[in-house]
1. Of the residues Phe72, Phe58, Phe42, only one is assigned to a helix (DSSP H, G or I) and at pLDDT 90 or above; which?
2. Do we have Glu64 as acidic (Asp, Glu), surrounded by fewer than 11 Cβ atoms within 10 Å (Cβ to Cβ) and modelled with pLDDT under 95 here?
3. Just the residues that are part of a loop (DSSP other than H, G, I, E, B), touching a residue at least 12 places away in the same chain (Cβ under 8 Å) and farther than 26 Å from Phe15 by Cα, please, taken from the range 26-39.
4. For the range 36-58, name all the residues that are of a type in the set (S, T, N, Q) and surrounded by fewer than 12 Cβ atoms within 10 Å (Cβ to Cβ).
Amino acid sequence: MPFHILVISMEMLIFMCFEKEFLDSVSLIWREIVQNGTSYTFEVMMDENSSRVRTVHFNTTTMEIRCTCKKFDFCGYLCSHAI
């Protein structure tokens with residue numbers, strides 16, 4: 001397979017993964033639990049009764065965002081919790 005076709009295929013795959021995360025993010029519930037200067041911590045869940053809660057840390061100065069699911073660390077794109 002030519003290299004440029006492979007690159008386009010990979011870009012499309014990554015876009016589709018990101019698109020899924022983006023669409024999943026629309027239905028999540030966010031609750032701010034800590035605000036310390038420019039740092040915010042949120043709990044993110046599917047619904048109020050969800051047992052699976054993710055914690056998202058966001059720093060407005062550095063624009064750094066981290067989620068306890070660590071999807072960005074493993075996959076290289078933001079998870080639905082961090083979007």
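1. It is Phe72.
2. No: the conditions fail for Glu64.
3. The one that is part of a loop (DSSP other than H, G, I, E, B), touching a residue at least 12 places away in the same chain (Cβ under 8 Å) and farther than 26 Å from Phe15 by Cα: Thr38.
4. Passing the criteria: Asn36, Thr38, Asn49, Ser51.
The values are calculated or read from the model by the stated rules, or taken from the named source; none is laboratory data. Quick caveat, the model's predicted, so the values are computed rather than measured. With ideal geometry, Cβ positions are generated from the backbone for all residues, glycine too; neighbour counts draw on all protein chains shown.
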